[in-house]
Each structure stands twice: as structure tokens, then as C-alpha cells.
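Since every read-out is calculated from the coordinates, none of them should be taken as a lab result. On a predicted model such as this, the values are computed, not experimentally measured, just so you know. When we count neighbours, we look across all protein chains shown, and the Cβ atoms used for this are built from the backbone with ideal geometry, even at glycine.
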Amino acid sequence: MKIAIISDTHGNEANFKKALDLIKKEKIKVLIHCGDIGFPSLLKEVIGDFSGKVHLVFGNLEDRYALTKIICEAGNKNVTLYGELGEIEIDKVKIAFCHFPKFAKALAQSQEYDLVFYGHTHKPWEEKIGRCRLVNPGNLCGYLYKATFALYNTKTGKLELKILEKL
């Protein structure tokens, strides 16, 4: 199964829509957001325009109250807000995701996960820590680095970085 990993949207609605268009075109049914979605209203875009599962953690710039309120009011069962740390398992691949790199590195060092995704730095990054892949999909807002996100195939283990301007 293919999953999409996004971080640091920072309210950039145009980039978010462009990424969602590719995600839907690829028939991806799982989306992980590693924090700093920006405006909570952007989450309404996901809830209204994406039929798959959305897994979301807080970043450091979130209006936590507003974000939680939007999810609760929408009553949408496809969005899960985890707080600081999200954990899921898909096709026997154990995945953790959070916002901060130090926390992510500690999770990877625990060797409890196959993949750990994080954000915050805006810089796309991948490294191997033991058997765990530690991955930052970059940022969707396009600040400091080009706007990017990642796709991961749980069956093949293939990780792709998507550069938004090339889509």
C-alpha cells in the first residue's frame, strides 16, 4: 500500500491542494501529516476532499484547540489526531511519526519501528539507524527549501521524494 507523508504545510493552501491532487490521482488511501499544518481550516480541505485515512500530530505552531475542535465538529472518522506521537502499522510495517527531529531520532534508536517520520527542519532527509529508516519528507510550504512531500510503498519499501514544482 502506498502512503503519503507531509509536514510543515504552514497554511499554504495552494501547495496542499497540489499535493492532494497527486495523492488522489495515485489512489493513496493513507496520509500522515507530521505537524505544523498551519491554519486549522486547511484540515477541512483534507476532511472534505480526501476519502482515505488521515493521521496527524501536532507541530510547534499549531493552534491545538482550534485543530482539535475542527476534527471533533467534523465528526469524520477518517481523521485521527494523536497529539505529539502517532503510531500505526500497515502491512506489518511499524511506523511512528512526530514533529521534532530529536524525538524522532530517539524513536528510531529504540528499534521498535521500521520507519519514523518527522518534520520541523523543512529539509528532506533520510538516514538509517539500525534497521529503522528515519525520514523527513521536507516541507509543503516551500520555506527555506523547495516544497516537497514523500510517498512510501509498504509492499516494496520504496520511498519517493516528490518536489512540488516538478508535478
Original post:
Counting only the backbone N, which residues of the range 4-43 are under 16 Å from the spot 7 Å out from the Cα of Lys155 toward its beta-carbon?
Top reply: 4, 26-30
**OP:** Work out from phi, with θ = phi - 60° and the Karplus expression 6.51 cos²θ - 1.76 cosθ + 1.60, the ³J(HN,Hα) of each residue of the range 92-101, listed in order in whole Hz, and give x for Gly and Pro.
**Re:** 6, 9, 8, 10, 10, 8, 7, 9, 8, x
**OP:** Take the alpha carbon gyration tensor of the range 122-167, find the square roots of its eigenvalues, order them as a ≥ b ≥ c, and report rounded if a/c is under 1.5; if not, report prolate when a/b exceeds b/c, else oblate.
**Re:** oblate
Original post:
What angle do you read, to the nearest 10 degrees and between 0 and 90, between the alpha-carbon axis of helix 64-74 and the longest principal axis of the chain?
Top reply: 70
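Please give the peptides 143-153, 3-13 ranked by average Cβ packing (other Cβ atoms within 10 Å per residue), highest first, as a rough proxy for protection.
Numbers: 143-153: 19.5, 3-13: 24.3.
Going from most to least packed, we get 3-13, 143-153.
Loop-only check: which GluC sites (Glu not before Pro) in the range 111-145 are DSSP coil with at most 12 other Cβ within 10 angstrom?
On the way: sites: Glu112, Glu126, Glu127; in loops: Glu112.
Sparse-neighbourhood loop GluC sites (Glu not before Pro): Glu112.
Once you keep just the Cα pairs under 8 angstrom separated by 6 or more residues, what percentage relative contact order results for the range 2-166? Can you show the working numbers first?
Values: 399 pairs, mean separation 38.8, N = 165.
RCO, the range 2-166: 24 percent.
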Original post:
Using helices alone, what [θ] at 222 nm do you get for the chain, with -39,500 (n - 2.57) per DSSP H run of 4 or more residues, divided over all residues and rounded to the nearest 500?
Top reply: -7500 deg cm²/dmol
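For the chain, what number results from the quotient of the Cα radius of gyration and 2.2 N^0.38 Å? Could you put the intermediate results ahead of the total?
Details: Rg = 14.3 Å, N = 167, 2.2 N^0.38 = 15.4 Å.
Cα Rg divided by the expected 2.2 N^0.38 Å: 0.93.
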Subject >> Peptides 50-59, 133-142, 22-31 ordered by average Cβ neighbours within 10 Å, highest first >> reply: 133-142, 50-59, 22-31
Original post:
Can you give the % of DSSP beta bridges in the range 2-166 that are antiparallel, to the nearest 5?
Top reply: 50
**OP:** Using only Cα atoms, locate the centre of the range 1-69 and the centre of the range 94-145, then give the distance between them in Å, rounded to an integer.
**Re:** 17
